[in-house]
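See structure below.
The values are calculated or read from the model by the stated rules, or taken from the named source; none is laboratory data. In this text the structure is predicted, and so the values were computed from the model without any measurement. We place every Cβ from the backbone using ideal geometry, glycine too, and count neighbours over all the protein chains shown.
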Amino acid sequence: MSKNRDRGKRFEKKIAERLGGRRLGVLGGEDVLHPIYSIECKSREKLPKWFESFWKQTMDNCEEYKVPLLVIHLLNQRHDEDWVVMKLSDFEQLCTTKPTSKRVA
C-alpha cells in the first residue's frame, strides 16, 4: 500500500470520527458514510494561490464574533451552483449547535 493511500485512509477516518460518520473505503463512492452529508475527502500539500488569496481576504474581513464563509461563483453559472467554503471546526460547531430564537444583528 502506498504512503499516499495510507495517508488518505487516515484522513478519511479522522473526518468520519469528527463528523459522526463511518469511513467506507470503497473506490468510486463517497469516502464517509453519513446520514445527512455525502462526504468526499481530499488532502493536498498546498492549495491553489487564488484560493489562498480568497480565503485570506475572507479571514481578514471577518469580525471576531462571526463565522468566516467563502462563497465562490463561476461566471455564467446559476447561483444555486455556487460553492460555500468554511473551516471544519466552524462546520462542526454549526452542526452541533441548537437553533435559538435570538437573532444576531
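For the reader, a short list of remarks on this structure follows.
- Residue check for residue 81: surrounded by fewer than 10 Cβ atoms within 10 Å (Cβ to Cβ) and modelled with pLDDT under 95: no
- Every test in (1) surrounded by 11 or more Cβ atoms within 10 Å (Cβ to Cβ); (2) free of Cβ contacts under 8 Å to residues at least 60 places away in the same chain is passed by residue 65 save one, and that test is (1).
- The test for being in contact with an Asp or Glu (Cβ under 9 Å, 6 or more places away or on another chain), in the same structural domain as residue 81 (by TED's automatic domain parsing) and closer than 25 Å to residue 81 by Cα holds for residue 67.
- Qualifying residue in the stretch 31-50 (condition: part of a helix (DSSP H, G or I) and exposed (fewer than 14 other Cβ atoms within 10 Å of the Cβ)): yes
- Failed criterion for residue 24 (all others in (1) assigned by TED's automatic domain parsing to the domain that holds residue 91; (2) surrounded by 11 or more Cβ atoms within 10 Å (Cβ to Cβ) hold): (1)
- The sole residue among 104, 71 that is outside any helix (DSSP H, G or I) and modelled with pLDDT of 95 or more is 71.
- Pick from the stretch 21-50, criterion of a type in the set (Gly, Ala, Ser) and under 14 Å from the mean Cα position of the chain (by Cα), ranking: farthest from residue 94 (Cα to Cα): 43
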